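The structure under discussion appears below in the form of structure tokens.
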Amino acid sequence: HGLLRRGMQTLLRQRCGPDAVHANALATAQALATIGAREDAFALYVERGAPEAAIELLDTLAETWARSGQAALLTRALEQLPAVLVDRRPWLGFWAGQALLGANEEMARGWFERAYASFEAAHDESGMRIAAACVVTAFGLEYGDIRSFDAWLARHVGGGGGTRVPRGGRERAVEGRCVDAG
């Protein structure tokens, strides 16, 4: 498959030039995404230097990967994108943290902290609240360095963490984890 693909790219480049190859690859990625092959489309967008299109697809993949425990796949995908783009989408950091819970709480906590900062920049109090709660959860699972635990607990309480979440609200606890119900 890879050899055939490279051969076709070489032929296309020889006949039409590098701009046509790039345009064809982007059109192929879009077609793949349309038919539901989002992972393949994501890889093609990254390969062809289209991080904005890739991150749009990752928005739709991150929750699925996190819920199925594919932490390595999700974090590897996030590493392929510019940090500036990732930080503009706090839910990506949140889902990376969710995927890492139970496997690497220190890394999970780092992603939740990063998500919190992005939610804060976006003035998303609900997101800040859930990210802070997940930092606290990660501390509880890790039994690691808890020097900043009090600060995160205060952020959670300050964001309304002591109030009851209304039925039908975006946040809810599932299996002891913080998740977005939306």
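The values are calculated or read from the model by the stated rules, or taken from the named source; none is laboratory data. In this text the structure is predicted, and so the values were computed from the model without any measurement. Note that we place each Cβ from the backbone using ideal geometry, even for glycine, and neighbour counts take in every protein chain shown. When the accessible area is computed, the model is the full protein with side chains, heavy atoms only, and any ligands, DNA or RNA have been set aside. Shrake-Rupley method; radii C 1.70, N 1.55, O 1.52, S 1.80 Å.
Annotations
- Of the residues in the range 129-147, none is polar (S, T, N, Q), farther than 24 Å from residue 69 by Cα and either at pLDDT below 95 or assigned to a loop (DSSP other than H, G, I, E, B) (or both).
- Qualifying positions in the range 89-109 - over 10 Å from the mean Cα position of the chain (by Cα) and either modelled with pLDDT of 95 or more or open to solvent by less than 20 Å² (accessible area, probe 1.4 Å) (or both): 100, 101, 108
- Cβ-Cβ distances below 8 Å connect the following pairs, each with a first residue in the range 57-77 that is in contact (Cβ under 8 Å) with a residue 12 or more places away in the chain and exposed (fewer than 15 other Cβ atoms within 10 Å of the Cβ), a second residue that is assigned to a helix (DSSP H, G or I) and of a type in the set (A, V, I, L, M, F, W, C), and a separation of six or more residues or different chains: 59/91; 59/92.
- Hits in the range 83-119 (condition: farther than 15 Å from residue 133 by Cβ, assigned to a helix (DSSP H, G or I) and polar (S, T, N, Q)): 118
- Lone qualifier among 7, 17 - being open to solvent by less than 20 Å² (accessible area, probe 1.4 Å), over 17 Å from the mean Cα position of the chain (by Cα) and without any contact (Cβ under 8 Å) to a residue 24 or more places away in the chain: 17
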